[in-house]
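For reference, the structure discussed in these notes is given below.
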Amino acid sequence: MSELQYKPQDFKSDQYVRWCPGCGDHAFLNYLHKAMSELGIAPHETAVISGIGCSSRLPYYMNTYGFHTIHGRAAAIATGLKVANPKLSVWQISGDGDGLAIGGNHFIHAIRRNIDLNMILLNNEIYGLTKGQYSPTSPRGFVSKSSPYGTVEDPFRPAELAFGARGRFFARTIDVDGPTTVSVLTAAAKHKGASVVEVLQNCVIFNNGVHSILATKEGRAEYAIQLKQGEPMLFGLNNEKGLMQDGFGLKVVKLGENGITEKDILIHDAHTTDNTLHLKLALMQGPDFPVALGVIRDVEAPSYDESVEAQICEVQKNKKVRTLTEQLMAGEIWELK
Amino acid sequence: MAEALNIIDLENVVVRFSGDSGDGMQLAGNIFSNVSAVLGNDISTFPDYPAEIRAPQGTISGVSGYQVHIGTKKVYTSGDKCDVLVAMNPAALKTNIKFTTPQSIIIIDTDTFTKRDLEKALFTTDNPFTELHISNTVIDAPITSMCKESLKDSGLDNKSIIRCKNMFALGLVCWLFNRPLEHALHMLEKKFSKKPTIAEANIKVLTDGYNYGHNTHASVPTYRLESSETQKKGFYMDVDGNKATAYGLIAAAERAGLKLFLGSYPITPATDILHELSKHKALGVKTVQAEDEIAGVATAIGASFAGCLAVTTTSGPGLCLKSEAINLAVIAELPLVIVDVMRGGPSTGLPTKSEQTDLLQALYGRNGESPLVVIAATSPTNCFEAAFYASKIAVEHMTPVILLTDGYIANGSAAWRIPDLASYPEITPNYVPEGTENWKPYNRDPETKVRYWAVPGRKGFEHRIGGLEKDYSTSAISTNPANHQKMTETRKAKIEYISTCIPDLKVEGNEEASLLVVGWGGTYGHLHSAVKECNQKNKPVALAHFNFINPLPKNTLEVLSKYKKIVVCEQNMGQFAGYLRMNFPGLQMTQFNKVEGQPLAINELKEHFIKLMEE
């Protein structure tokens, strides 16, 4: 990897960006360029793989190596790429349909194997490119073109799925929040193994305002919590609220009420191996709880691609054959003279 | 003993070992074929095993077979009918009697022909031979009890002792064909090197079986197969088609200077390629056992984008699942080898039986105008060549190549001369030349239409490809109507150009005959043998057998139009015949089609050809 410094525009391609005006993808794209420039990895050592959907057009707007593939398979194609060349920094861009519906199987298995991929899930809870059907993250009862009377199914919660697949890295951000987005993207890239970043994203045409409550700074202060490693879990416009453990669950408390001080508030530890509390944090939702943003879980474990290389090295240490002919001649053979 | 009087010389012999699927018939057959190959005979084998791993013991559905064809000259098939049938129980006898002739010798284990065993095999009387209307020579051997007797002092438990009875049967067969035991003993030592007691037990039973035959059946004539002198000198090994395919892929990666990557999901009868390639970490081969068939091909496409020789292996149902991803490799113009080991279909069909029914799926089973290369392997050892050339074409022409093999050649084995890899052509990827400026990913060689390859990690050639149609010149996304026409024609022309890089179609047999037999892929051995036997009987017939299916060899029409009568023989309902008719309208041909899951029968083919000549 290169030590050179890059600017965001070094990662920008010359293609005209064709998303709808106001689409959350625009903001995300800019933050991705920024995050990549901060990582210091050269564009030619970076590859961006996507599936199908609005967000999957993203590779065309990158000046890196890029592959716009087929519906749902981005995680599997990225897996092959990374295993083939572990030196590359590989990003996988998917929407909620691409990643969790048609590509659900690849999503969980890439996480389970812990391939060193940066898996970005742009979650707008709707199918945009096919013009407005509900997605596997749309809430029960959601009215859409394909559910005119409301859906009768429960959605996936991406964190639950990732943790069910033994996910070691999970972060969440919202498209309009530049600093958080850039910081979780760089953290995801630095994490060795499968890193899942859920980006809460707006679809201006088919699901406008889906995350509007979190779209402003004030809204995020009030209804979200920015998790920071080693810091107390405080939120609110004046950091006046916090999270405490309550039996097997969590509760929201106010500092100063019932004698509660900052010392009573939970300290965030993304690195703890046990995922129980990480899951609780990741599943928090309004109106009773703030939505967790930032890096929720970040635990080291051997990555698949690294282990493949290590196994090859190990076998090569013990076996001296390096060509097919040597291999065959060392086997069960006979000579006809 | 007057041995000289009791030895009959043979040119060919077919032995079929059959028993319960736990009886070790595959191992006995495999050792027998290897022992013969080491003596310089040519061999061709075919395992015939049930879809169930362990069906109830002694029942018809649990019967497993292994057929070995040995010849003093080259043999092309595992043989239609057997000269010797080993039947370890009544169910094996009942199931395999159809593979015998009245002259076949049958060896049975008399210990397993009790009333209960006969009932399990659904015999209704206590005389299975009368019930099956057979009067063959039967060598009655109390195999189980002799095996127990042989190992009574071994200290092994009863179960382990009975497991060795296949070696007693093998010993008998080795005696019958005057095979020295030396190589067999060596193979057993090696196979059970970690379990010396088991090795010793197997060796003892094998030797006792041999001696038993020698001592007690002196009146039965034994047979001798002279060593062949037609075989080329060199080092040989026993390979089945799946192994040969794996080796061909490794050889191609070596000649191309590329890493070999396999993404695959287990499926019968292709899984052994995954097993084989997974062993070769020392050669740097990377294998991913993916979460499903789609991920198998998708990981391979990712690895291809990364610059590997990328492969996925499957069988018919898996090819269905991979279609969409294969099409991505078509439009992205990435090298990819897809090995389809065909089995009986549709759907799950006959997983352990062989067919040639995926041809049209391979050619056309994708959306859009989606040309790709289709190659078929003709024999277990030809799988090596076919896999090598499939890889060469994929890498040099930036295209997916589907390599069709089938269950028969994939599991069938033959003696294979270890090739000198230096005599194989180099494989040269079409990389973007150094110093190229203003390069775009869909820029292509003006003659071959092959696009230039830039692999991630290479500075200055960052680019984006994908499943959307691209502009011929700028390589940007394009929906321009004229451009789509041009790109479609270009992709077609790229594949058609490959016909100038492959060998011409050859005719064998009697070229001047008026009847031409046409075949493709794994039926070669049977068609070759049937054609040869017709010609030996002064019934002139020619054979044109295809390795390359898309594109077809450029002299195809020239060859086919020379013959008055053409019969296209396939293990499907006429897929290649239909393909030829589409390519060469007006060309008249008849068809010979079988979909019984079994190899074509040489006798049946001969009769059919002779009938056609006389029409």
If we ask which residues in region B:297-330 are surrounded by fewer than 24 Cβ atoms within 10 Å (Cβ to Cβ) and charged (D, E, K, R), their number turns out to be 1
Selection from region A:260-270 of residues assigned to a loop (DSSP other than H, G, I, E, B) and surrounded by fewer than 13 Cβ atoms within 10 Å (Cβ to Cβ) yields A:261
Pairing a residue in region A:70-89 that is more than 7 Å from every other protein chain (Cβ to nearest Cβ) and closer than 20 Å to residue B:459 by Cβ with any residue that is crowded, with 23+ Cβ neighbours inside 10 Å and of a type in the set (Val, Ile, Thr), where Cβ atoms lie under 6 Å and the two sit 6 or more apart in sequence or on different chains, gives A:82/A:90; A:82/A:115; A:89/A:46
Condition set under 20 Å from residue A:62 (Cβ atoms) and not in a loop (DSSP other than H, G, I, E, B), scope region A:111-120, selection farthest from the other protein chains (Cβ to nearest Cβ): answer is A:120
If we keep only residues of region B:445-471 that are among the basic types (Lys, Arg) and at the interface with chain A (Cβ under 7 Å from one of its Cβ atoms), then the residue farthest from residue B:395 (Cα to Cα) is B:459
If you go through B:235, B:261, B:192, the only one that is surrounded by fewer than 22 Cβ atoms within 10 Å (Cβ to Cβ), in contact (Cβ under 8 Å) with a residue 40 or more places away in the chain and farther than 26 Å from residue B:10 by Cβ is B:235
Given (1) surrounded by 15 or more Cβ atoms within 10 Å (Cβ to Cβ); (2) over 23 Å from the mean Cα position of the chain (by Cα), residue A:218 misses just (1)
Only one of B:562, B:539 is farther than 29 Å from residue B:345 by Cβ, in contact (Cβ under 8 Å) with a residue 24 or more places away in the chain and crowded, with 17+ Cβ neighbours inside 10 Å, namely B:539
Checked B:17, B:32, B:46 against criteria (buried (at least 24 other Cβ atoms within 10 Å of the Cβ), within 18 Å of the chain's Cα centre (by Cα), aromatic (Phe, Trp, Tyr) and in the same structural domain as residue B:221 (by TED's automatic domain parsing)); the one match is B:46
- Query: Quick check, is residue A:325 surrounded by 13 or more Cβ atoms within 10 Å (Cβ to Cβ), out of contact with any Pro (no Cβ under 7 Å at 6 or more places or on another chain) and of a type in the set (Ser, Thr, Tyr)?
  - Reply: yes
Of A:47, A:76, the only residue that is out of contact with any Pro (no Cβ under 8 Å at 6 or more places or on another chain) and within 26 Å of residue B:301 (Cα to Cα) is A:76
For residue B:484, the lone unmet condition from (1) assigned to a strand (DSSP E or B); (2) in contact with an Asp or Glu (Cβ under 7 Å, 6 or more places away or on another chain) is (1)
Here is a check on your reading of the model: is residue B:466 in the same structural domain as residue B:542 (by TED's automatic domain parsing), crowded, with 17+ Cβ neighbours inside 10 Å and in contact with a Phe, Trp or Tyr (Cβ under 9 Å, 6 or more places away or on another chain)? no
Only one of (1) more than 25 Å from residue A:160 (Cα to Cα); (2) surrounded by fewer than 22 Cβ atoms within 10 Å (Cβ to Cβ); (3) within 11 Å of chain B (Cβ to nearest Cβ) does not apply to residue A:34, and that is (3)
If I filter region B:424-436 for residues that are within 14 Å of chain A (Cβ to nearest Cβ), under 24 Å from the mean Cα position of the chain (by Cα) and part of a strand (DSSP E or B), do I get at least one hit? no
Taking region B:357-371 and keeping residues in a loop (DSSP other than H, G, I, E, B) and buried (at least 24 other Cβ atoms within 10 Å of the Cβ) leaves B:358
Residue B:284: passes all of (1) surrounded by fewer than 23 Cβ atoms within 10 Å (Cβ to Cβ); (2) closer than 19 Å to residue A:107 by Cβ but (2)
Being crowded, with 24+ Cβ neighbours inside 10 Å, facing chain B (nearest Cβ under 10 Å), modelled with pLDDT of 95 or more and over 18 Å from the mean Cα position of the chain (by Cα) narrows A:65, A:60 down to just A:65
Of the residues in region B:128-174, those that are under 34 Å from the mean Cα position of the chain (by Cα) and assigned to a loop (DSSP other than H, G, I, E, B) number 5
Considering only region B:13-30, I want to know if a residue exists there that is among the polar types (S, T, N, Q) and within 14 Å of chain A (Cβ to nearest Cβ).
yes
Per the filter on region A:105-134, residues free of Cβ contacts under 8 Å to residues at least 40 places away in the same chain, of a type outside the set (Phe, Trp, Tyr) and touching a Phe, Trp or Tyr at 6+ places or on another chain (Cβ under 8 Å) are A:133
Screening B:597, B:519, B:586 for residues that are at positive phi and in contact (Cβ under 8 Å) with a residue 24 or more places away in the chain leaves only B:597
Subset of region B:225-261, residues among the small types (Gly, Ala, Ser) and at pLDDT below 95, comes to B:227, B:228, B:234
Inside region B:276-301, the number of residues satisfying the requirement of being without any contact (Cβ under 8 Å) to a residue 24 or more places away in the chain and either facing another protein chain (nearest Cβ under 7 Å) or in a helix (DSSP H, G or I) (or both) is 3
In region A:279-322, anything of a type outside the set (D, E, K, R), over 30 Å from residue B:184 (Cβ atoms) and in a loop (DSSP other than H, G, I, E, B) is listed as A:284, A:285, A:286, A:287, A:289, A:290, A:299, A:301, A:302, A:303
With the first residue restricted to region B:443-463 and required to be modelled with pLDDT of 95 or more, and the second required to be hydroxyl-bearing (Ser, Thr, Tyr) and outside any loop (DSSP other than H, G, I, E, B), Cβ contacts under 7 Å at 6 or more apart or on different chains are B:448/B:497; B:449/B:490; B:449/B:497; B:452/B:431; B:453/B:431; B:456/A:65; B:462/A:65; B:463/A:65
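The rows are residues; the columns are (1) of a type in the set (Ser, Thr, Tyr); (2) modelled with pLDDT under 95; (3) part of a loop (DSSP other than H, G, I, E, B).
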site	(1), (2), (3)
B:552	no, no, yes
B:569	no, no, no
B:573	no, no, yes
B:579	yes, no, no
B:582	no, no, no
B:587	no, no, yes
B:595	no, no, yes
Restricting attention to region A:37-57, the residues that are more than 21 Å from residue A:95 (Cα to Cα), in contact with a helix residue (DSSP H, G or I) (Cβ under 8 Å, 6 or more places away or on another chain) and more than 7 Å from chain B (Cβ to nearest Cβ) number exactly 4
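The values are calculated or read from the model by the stated rules, or taken from the named source; none is laboratory data. Keep in mind the model is a prediction, meaning the values are calculated, not measured. Ideal geometry is used to build each Cβ from the backbone, glycine not excepted, and the neighbour counts take in all protein chains shown.
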